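One structure is given here, and the rest of the page talks about it.
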Amino acid sequence: MKKRIFTGLVLVCLSILPTMAQWGRPVDYSAGPGLKDAYKNYFTIGVAVNKTNISDPAQTAIIKKQFNSVTAENAWKPGEIHPKEGVWNFGLADSIANFCRENGIKMRGHCLCWHSQFADWMFTDKKGKPVKKEVFYERLREHIHTVVNRYKDVVYAWDVVNEAMADDGRPFEFVDGKMVPASPYRQSRHFKLCGDEFIAKAFEFAREADPTGVLIYNDYSCVDNGKRERIYTMVKKMKDAGVPIDGIGMQGHYNIYFPEEEQLEKAINRFKEIVNIIHITELDLRTNTESGGQLRFSRGEAKPQAPYIGTLQEDQYARLFKVFRKHADVIKNVTFWNLSDKDSWLGVNNHPLPFDENFKAKRSLQIIRDFDAAADKRVPKEDFVPNPMNQPGQEYPQVNSEGFARFRVEAPDAKSVIVSLGLGGRGGTVLRKDKDGVWTGTTEGPMDPGFHYYHLTIDGGVFNDPGTHNYFGSCRWESGIEIPAPDQDFYAWRKDIPHGNIQQVNFWSESTGKMQTANVYLPPCYGKLVKGKNGKLEQTRYPVLYLQHGWGENETSWPVQGKAGIIMDNLIADGKIKPFIVVMAYGLTNDFKFGTIGKFTAEEFEKLLIDELIPVVEKQFLTKEGKWNRALAGLSMGGMETKLITLRRPEVFGYWGLLSGGQYAPDEIKDPKIVKYIFEGCGDKENPDGINKSVESLKAAGYNAEGLISEGTAHEFLTWRRCLYQMAQSLFK
Ligand code: XIL
């Protein structure tokens, strides 16, 4: 029996805080299909590799599972493979090609002509004097032909020319000591010698050598307005002149804040006008504000990053891939620039990739992989209204008729605002600053119906949303939002019925050495004089349900977000139950620390409940006494308490209820006569099988047991409101 209670505790606690599962044992985010398989209907997924990546078995395993396109990070660059006239370094270049050949992986050939890591010897003669452009072209042609012929069997696309265009932000520049309007072209040695003709030549040489490969012009900061237009104009000019450019490579050195989807789409749409192939050639998302060619390398020992930064990165990856999927008609490949944070050219402390410095998959990988294709097309209905839990006069947060939630937060100087509510396994909904400097955002899809706690994380600090009221959960007052439920009438105020009231009872608890508080629901008829059996006027006495909250909550949780009083009033008004009292006390749950789960016995609360609270309640209120007039039920950790206490003290309570709080087994109770009714319930997103099986086995063993599986809900208050509504109808019968 001990073992079963313990497993129950573990299960309950895992569902109290899903994140605990992550604390307890590491989650393997790489479990599931490879990225290449998840994206097989969209585009190929690539990775840039170095020497170790293709020789260490653990790393090659990752490559083989996740990727179907490989780029040599450096080994094929002119300066590496062809450092001097007649000198070729084919060693590593061949190893990478052979690795791909052996594993049936196709390659992107990077790169044939670039201002950096270039074979600079091509520009000078033996005496160090500059050569004529014709000589340069001859050398470039020989280079391109040699590389392309050696590898074209395994290559499907070539970055023929890399980074030939100038960056934004330079309206003027100095050329030969004079300030002139800035050229759209990068002032490279290539350009200075040949003008933009070198671009045309490189593409022509590549086409001669490989008549079928996809020929790409590749550059960074394609999402910057100026650079986008410069690239567009150059490629258009070249194509109009018959230069064989097949596609544009957008490098994708971005960060967790940039670019916005709109900005990225602007570039894709613009390039779509002139090419029908786009590759995202070098994707990585720095966890700082730099992008493109601005480089602050952050190398050295890996330093951990704040969790909210991880959330921002996951969200940014999710947003960018959603845009990529939307444009899969032109986007044919997305390549990550490096395998892991450890390999990143930016340095490990930019944490830019979906694999960390130990080659462990991050949650980003899972989020990129497990996208919801239906959600890509989903647009919320624009019938948002203020959340019913808002503070007076507050327009936000809002909910729509489908259950989407929309948030709006004023924090003009913040760098990031995250709402802890969200979907898709992400850490919440990341808001974006709109034109007016206000942060807004909508959940990716409909939320489960009912009540949800949430908070804001603004630049890493945790705050409540000033738009809505606060509710005690997670050991603090948290913001709350209410998503309309199809059956919401059972917990809605009704003007035409009598209402009970909830009294606060404060009492001294010797066992805890503190004042304690309980909220006591008294039905509308409570205290009224009615004619008794012998004709005398007397007050009715009532049975009592002791109703416990879960971990992190307190005595206010059931009466406020649980709407226990409203549910009771409605049940009584509809004649569904005979009136009874509900006592909602603090269950001493919140000093419980993770890691001490095996030691939780509920003995302290048992003392408080049975030796202190019940005597106070039975003294102060018109109660009926004895176990057949007492029920104990609780949600989540309150369910654990209920189970432990009812099994130890069956003489005190005659009705037992576990709400997302585990199950009883017949051999734990041993005697069907000691309990008149057992209720067990949970959401259909929790452990419905466990509940169903347990209720069946209890019934088979002769117990009066009832189960409820709440539709469309998880470990949240709508599940428990429904449980209370159901369970109350069978108590004290
Ligand atoms: C980088 C490599 O990752 C580094 O190892 C090297 O030191 C410099 O180049 N744009 C490109 C890539 O096209 O070739 C660059 O790769 C990153 C920027």
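When the residues of segment 25-40 are narrowed to those that are assigned to a helix (DSSP H, G or I) and in contact (Cβ under 8 Å) with a residue 60 or more places away in the chain, which ends up nearest to F90 (Cα to Cα)?
Among residues in segment 25-40 that are assigned to a helix (DSSP H, G or I) and in contact (Cβ under 8 Å) with a residue 60 or more places away in the chain, the one nearest to F90 (Cα to Cα) is L35.
Regarding Y703, is this residue assigned to a loop (DSSP other than H, G, I, E, B), surrounded by 17 or more Cβ atoms within 10 Å (Cβ to Cβ) and more than 42 Å from the chain's Cα centre (by Cα)?
Judged against the criteria, Y703 is a match.
I709 passes all but one of (1) of a type in the set (A, V, I, L, M, F, W, C); (2) in a strand (DSSP E or B); (3) at positive phi; which number fails?
For I709, the exception is condition (3).
Out of all the residues in segment 116-153, which are touching a His at 6+ places or on another chain (Cβ under 7 Å) and over 17 Å from R207 (Cβ atoms)?
A119
This table checks each residue for (1) on the phi > 0 side of the Ramachandran plot; (2) surrounded by 18 or more Cβ atoms within 10 Å (Cβ to Cβ); (3) part of a helix (DSSP H, G or I).
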{"site": "Q263", "(1), (2), (3)": "no, no, yes"}
{"site": "F271", "(1), (2), (3)": "no, yes, yes"}
{"site": "N276", "(1), (2), (3)": "no, no, no"}
{"site": "S298", "(1), (2), (3)": "no, yes, no"}
{"site": "T311", "(1), (2), (3)": "no, yes, yes"}
{"site": "D315", "(1), (2), (3)": "no, yes, yes"}
{"site": "N333", "(1), (2), (3)": "no, yes, no"}
{"site": "L339", "(1), (2), (3)": "no, yes, no"}
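For A241, only one of the following conditions fails: (1) within 27 Å of E138 (Cβ to Cβ); (2) in contact with a helix residue (DSSP H, G or I) (Cβ under 6 Å, 6 or more places away or on another chain). What is its number?
(2)
Report those helices (runs of 4 or more DSSP H) wholly inside segment 41-133 carrying at least 2 residues which are within 20 Å of G252 (Cβ to Cβ) and away from the ligand (no atom under 15 Å from the Cβ).
By residue number, 57-66.
S364 - would you say it is at pLDDT 95 or above and within 16 Å of the ligand (Cβ to nearest atom)?
no
Could you please let me know if R494 is assigned to a loop (DSSP other than H, G, I, E, B), buried (at least 17 other Cβ atoms within 10 Å of the Cβ) and of a type in the set (K, R)?
So R494 does not fit the description; no.
Does D246 satisfy the criteria of being more than 25 Å from T440 (Cα to Cα) and in contact with a Pro (Cβ under 8 Å, 6 or more places away or on another chain)?
No.
How about segment 543-597: which of its residues are within 29 Å of the chain's Cα centre (by Cα), crowded, with 24+ Cβ neighbours inside 10 Å and of a type in the set (S, T, N, Q)?
Matches in segment 543-597: S557, Q561, T589.
Considering segment 246-261 alone, what residues qualify as being acidic (D, E) and either within 16 Å of the ligand (Cβ to nearest atom) or in a helix (DSSP H, G or I) (or both)?
E261
For segment 661-700, give me each residue that is outside any helix (DSSP H, G or I), under 36 Å from the mean Cα position of the chain (by Cα) and surrounded by fewer than 16 Cβ atoms within 10 Å (Cβ to Cβ).
Selection gives D684 alone.
Can you find a residue in segment 288-296 that is farther than 24 Å from H115 by Cβ, of a type outside the set (S, T, Y), more than 14 Å from the ligand (Cβ to nearest atom) and modelled with pLDDT under 95?
Yes: one or more hits.
Tell me, which helices (runs of 4 or more DSSP H) wholly within segment 529-648 include 1 or more residues that are free of Cβ contacts under 8 Å to residues at least 60 places away in the same chain?
Those helices (runs of 4 or more DSSP H) span 603-607, 614-620, 637-648.
Looking at the structure I just gave you, is E711 free of Cβ contacts under 8 Å to residues at least 40 places away in the same chain, closer than 24 Å to I483 by Cα and of a type in the set (D, E, K, R)?
yes
Residue by residue through segment 60-96, note down the ones that are of a type in the set (S, T, N, Q) and surrounded by fewer than 21 Cβ atoms within 10 Å (Cβ to Cβ).
T60, N74, N89, S95
What is the residue count in segment 649-660 for residues that are of a type in the set (G, A, S) and either assigned to a helix (DSSP H, G or I) or buried (at least 24 other Cβ atoms within 10 Å of the Cβ) (or both)?
Total satisfying the criteria: 2.
Results for (1) in contact with a Cys (Cβ under 8 Å, 6 or more places away or on another chain); (2) assigned to a loop (DSSP other than H, G, I, E, B); (3) of a type in the set (A, V, I, L, M, F, W, C), shown as yes or no for each residue.
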site	(1), (2), (3)
P352	no, yes, no
E357	no, yes, no
S364	no, no, no
G403	no, yes, no
A411	no, yes, yes
G422	no, yes, no
G427	no, yes, no
K435	no, yes, no
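Among the numbered criteria (1) at pLDDT 95 or above; (2) in contact with a strand residue (DSSP E or B) (Cβ under 9 Å, 6 or more places away or on another chain); (3) surrounded by fewer than 21 Cβ atoms within 10 Å (Cβ to Cβ), which one does P412 miss?
(1)
What pairs come up if the first residue lies in segment 388-411 and is free of Cβ contacts under 8 Å to residues at least 24 places away in the same chain, the second is assigned to a loop (DSSP other than H, G, I, E, B), and their beta carbons are under 7 Å apart, counting only those six or more places apart or on different chains?
From segment 388-411, the pairs are Q398/F384; Q398/N387; N400/P380; N400/K381; N400/D383; N400/F384.
The values are calculated or read from the model by the stated rules, or taken from the named source; none is laboratory data. In this text, all values refer to a predicted model and were calculated from it rather than measured experimentally. FYI the Cβ positions are ideal-geometry reconstructions off the backbone, even for glycines, and counts take in every protein chain you see.
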